[in-house]
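Notes follow once the structure below has been shown.
The values are calculated or read from the model by the stated rules, or taken from the named source; none is laboratory data. All values derive from a computational prediction rather than experimental measurement. A quick note on method: Cβ atoms are made from the backbone with ideal geometry, for glycine too, and the neighbour counts reach across all protein chains shown. Areas reflect the complete protein model, heavy atoms only, side chains present, ligands, DNA and RNA absent. Shrake-Rupley method; radii C 1.70, N 1.55, O 1.52, S 1.80 Å.
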Number of protein chains: 4
Amino acid sequence: MKVLVTAFDPFGGEAINPAFEAVKILEDQIAGAEIIKKEIPTVFEKSIEALEKYIEAEKPDITICVGQAGGRYKLSVERVAINVDDARIEDNEGNQPIDTKIFAEGANAYFAELPIKAMVKEVTDHKLPAEVSNTAGTFVCNHLMYGLLYLIDKKYPEMKGGFIHVPFIPEQVIDKKEKASMSLANIKEALTYALKGAVENDEDITKSGGKIS
Amino acid sequence: MKVLVTAFDPFGGEAINPAFEAVKILEDQIAGAEIIKKEIPTVFEKSIEALEKYIEAEKPDITICVGQAGGRYKLSVERVAINVDDARIEDNEGNQPIDTKIFAEGANAYFAELPIKAMVKEVTDHKLPAEVSNTAGTFVCNHLMYGLLYLIDKKYPEMKGGFIHVPFIPEQVIDKKEKASMSLANIKEALTYALKGAVENDEDITKSGGKIS
Amino acid sequence: MKVLVTAFDPFGGEAINPAFEAVKILEDQIAGAEIIKKEIPTVFEKSIEALEKYIEAEKPDITICVGQAGGRYKLSVERVAINVDDARIEDNEGNQPIDTKIFAEGANAYFAELPIKAMVKEVTDHKLPAEVSNTAGTFVCNHLMYGLLYLIDKKYPEMKGGFIHVPFIPEQVIDKKEKASMSLANIKEALTYALKGAVENDEDITKSGGKIS
Amino acid sequence: MKVLVTAFDPFGGEAINPAFEAVKILEDQIAGAEIIKKEIPTVFEKSIEALEKYIEAEKPDITICVGQAGGRYKLSVERVAINVDDARIEDNEGNQPIDTKIFAEGANAYFAELPIKAMVKEVTDHKLPAEVSNTAGTFVCNHLMYGLLYLIDKKYPEMKGGFIHVPFIPEQVIDKKEKASMSLANIKEALTYALKGAVENDEDITKSGGKIS
């Protein structure tokens, strides 16, 4: 089995992106699957173009994109991507779309094609904090997750895929007030268990992972 | 113009629901529109049944459901409802669905049929905090919002509709640590401006209201 | 009985100070006591000078200084002031002392000379959130509270006194992320009950109001 | 030079205490100083008795007590301990003092006898988050810190000493909502740099570390 794992370059004034720092140190084999690691630009349209080029070249069985969610407390496995770009800040090439559709003929939303509860359980079983998230925002992370799931729906129905958000790492919060972080070693470990959960579970488990609001 | 505004009864161990407390004291006329106020049970299936009964009886031009989002800092106008129930706690009749679809043949998600940015702007222009939210959770609030938008899509295409979440009121946070609240008077006022924004704007304005993650 | 209540002018880039907005609309009589309201400059040395001038002129039985604690969720009655200035930002005249004593011959700290638990209980009994706080920071609020208690210790042993911090009001958090607020009406009400608690209780009640850390 | 480092056993329903987990894996030598590690019971009076016994036996040059501050985002070096016990929960032997003095003839507060700003800087220079804290609470942590500084004041004037609070570790927040954590490896590292800062600086540096409120 082959798993493509992508991560973004830094954005929003940060010098590093913990997602990419963690992805690049992942083992080359996880749970028997080959792990292919690629960087994606934090740019709206180009992110999906880059992703599709890697999918074309690698023909992965599973594609998981990873991004930074500054301020979150846990590794979060995203449940759903929505068909809208609404950028509070500019992307890395100055684009700031507001309330535009990602794909005109796409569904309103796509659910992750991953066993998200099993992935969360694999991480928490190994004593690291993880949760299901019900929003990937409306910036490039949601954009790329939506693009991936759109590609699965329209062109690669055999492929599975989804998105994982990781917290800041400690060095990013030194000058911030009340922002949580997770060590790079823990993010690497948590990502590894989440990938293991994705590789080893064809079907998801039944376990509440919801939020009230 | 006629606007149906609904709110839930208390749930999750709370003695009151600030959404209902605020809705029942709304003026009967806002921005020239007639305001019809109804209570909805915090019960998965029954909530949509009750809502449809009120829609049938009242034939409103706009329907806005209001719920409590304990822990939020601002009035939040929801952007999207997703086709999944995933209950972390039981509803008021003991139901706790996990990862089930709300309507088998419904879209993955429906976007609010409301000028959400204009509604937020109307509130903040009057010095009260409001924001667009990209998740209504996966409990009865999302369920009802999804049901409302499904009904609009399938049966009432002329009607507009959406969902607003309100924070706790002060008396609910007395024994809680670090939970924000908004006074009932401010919630009533903020809801009134949000409804005014919905009544007075056929088209939404273009203004970023997104989140990075 | 006469109670002197002071509040600071705006600082730290804020256009208003909710403490002063609330203090100036307090009733002139609370629980039978006469309420004298004064504004104090957010300037290290001058704040204590201004306070002493008002104490000299008014000869109050109780003096309570009120300040803004942006980010807090509840009205907080301060327990203790410490003998240090350590300013993260400049005061309103550009002073930024770092690790200097407020009074060379003062105690390391002074405890509020107020029935702080009874004051908190009076507020929460009326359904508004309040708590005891164990730190007034190291900026002008702590400075003034320390100065007041130093004056009580050295010159006015018959006077009682202490400090109350209030949250942001809603209009201050419109452009802030995840910052709690309390309406001006609620702050006025909560301050009124806290003052009532101070006026009516010679001795404090025994009720835990502590924090673990 | 000899440094005594203590940590508490678990309390408040937690199965482990990250302070003790980290202290017991500290190196035996830091910055040329010998590190002596001891466990202290989370019990009001006994904690100070145990501490004094270790001080008597070891005659350390510096004593630093370490405790858990669940919910904090950074390693925090405490500035001050206050002369009051006010327990929100029972200690590990069922004691719950409310508003009682720790030592009747002690000062209202004692400031840490440590170069706290230099300690924080040593940690942040190594890319880990740390800050000065102005309250150690009113539970056993503040009690022990006060006891240590009281002992320095009354009996061991040549000794230096103070207190450091550490966040939860990741496994403690798996079932908690929105609670920050720091990995055990990072806590060990941050403590090591803080101790290095204490060992290598006779005088503190002048650097703002204050809070507004």
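Worth a mention:
- Among residues of region D:178-206, those that are part of a loop (DSSP other than H, G, I, E, B) and under 14 Å from A:Ser181 (Cα atoms), counted: 5
- Just one residue in the set A:Asp99, A:Asp85 is within 25 Å of B:Ala118 (Cα to Cα), in contact with an Asp or Glu (Cβ under 9 Å, 6 or more places away or on another chain) and free of Cβ contacts under 8 Å to residues at least 40 places away in the same chain; that residue is A:Asp99.
- Considering B:Ala180, B:Ala198, the condition of being in contact (Cβ under 8 Å) with a residue 60 or more places away in the chain, over 27 Å from A:Gln68 (Cα atoms), in contact with a Pro (Cβ under 9 Å, 6 or more places away or on another chain) and among the aliphatic types (A, V, I, L, M) is satisfied by B:Ala198 alone.
- Those residues of region D:167-213 which are under 28 Å from D:Ile36 (Cβ atoms) and of a type in the set (S, T, N, Q), in sequence order: D:Gln172, D:Ser181, D:Ser183, D:Asn186, D:Thr192, D:Asn201
- Residue check for C:Ile55: touching a Gly at 6+ places or on another chain (Cβ under 8 Å) and under 25 Å from C:Gly197 (Cβ atoms): no
- Some residue of region D:138-155 being of a type in the set (Lys, Arg) and touching a Pro at 6+ places or on another chain (Cβ under 9 Å): no
- Some residue of region B:148-157 being β-branched (Val, Ile, Thr), within 11 Å of chain A (Cβ to nearest Cβ) and not in a strand (DSSP E or B): no
- In summary, D:Met145 fulfils each of the numbered conditions (1) more than 12 Å from chain C (Cβ to nearest Cβ); (2) surrounded by 21 or more Cβ atoms within 10 Å (Cβ to Cβ) with the single exception of condition (1).
- Condition check for D:Tyr150: surrounded by fewer than 24 Cβ atoms within 10 Å (Cβ to Cβ), touching a residue at least 40 places away in the same chain (Cβ under 8 Å) and touching a Phe, Trp or Tyr at 6+ places or on another chain (Cβ under 6 Å): yes
- Residue within region A:57-70 that is aliphatic (A, V, I, L, M), buried (at least 24 other Cβ atoms within 10 Å of the Cβ) and within 11 Å of chain B (Cβ to nearest Cβ) present: yes
- Only one of B:Glu49, B:Glu93 that is more than 14 Å from every other protein chain (Cβ to nearest Cβ), of a type outside the set (A, V, I, L, M, F, W, C), part of a helix (DSSP H, G or I) and surrounded by fewer than 18 Cβ atoms within 10 Å (Cβ to Cβ): B:Glu49
- Any hit, region A:164-171, residues being more than 14 Å from chain D (Cβ to nearest Cβ), surrounded by fewer than 24 Cβ atoms within 10 Å (Cβ to Cβ) and touching a Ser or Thr at 6+ places or on another chain (Cβ under 8 Å): no
- The requirement of being within 13 Å of the chain's Cα centre (by Cα) and either farther than 21 Å from A:Lys59 by Cβ or of a type in the set (Gly, Ala, Ser) (or both) is fulfilled somewhere in region A:145-158, by at least one residue.
- Conditions (1) in contact with a strand residue (DSSP E or B) (Cβ under 8 Å, 6 or more places away or on another chain); (2) in contact (Cβ under 8 Å) with a residue 12 or more places away in the chain; number of the one not met by D:Asp28: (2)
- Count of region C:1-23 residues which are closer than 17 Å to C:Ile48 by Cα and polar (S, T, N, Q): 1
- Scan region B:112-142 for residues that are in a loop (DSSP other than H, G, I, E, B), closer than 20 Å to A:Val84 by Cβ and either at the interface with another protein chain (Cβ under 10 Å from one of its Cβ atoms) or touching a residue at least 60 places away in the same chain (Cβ under 8 Å) (or both) and the total you get is 7.
- Within region D:180-213, the set of residues being under 20 Å from the mean Cα position of the chain (by Cα), at the interface with another protein chain (Cβ under 9 Å from one of its Cβ atoms) and surrounded by 20 or more Cβ atoms within 10 Å (Cβ to Cβ) comprises D:Ala180, D:Ser181, D:Met182, D:Ser183, D:Asn186, D:Ala190, D:Gly209, D:Gly210, D:Lys211.
- Residues of region B:153-163 classified as crowded, with 24+ Cβ neighbours inside 10 Å and over 26 Å from C:Ser183 (Cβ atoms), total: 1
- Any pair with Cβ under 9 angstrom, 6 or more apart, that starts in region A:44-57 at a residue that is hydrophobic (A, V, I, L, M, F, W, C) and ends at one that is open to solvent by 90 Å² or more (accessible area, probe 1.4 Å): A:Phe44/A:Glu93; A:Ile55/A:Lys155
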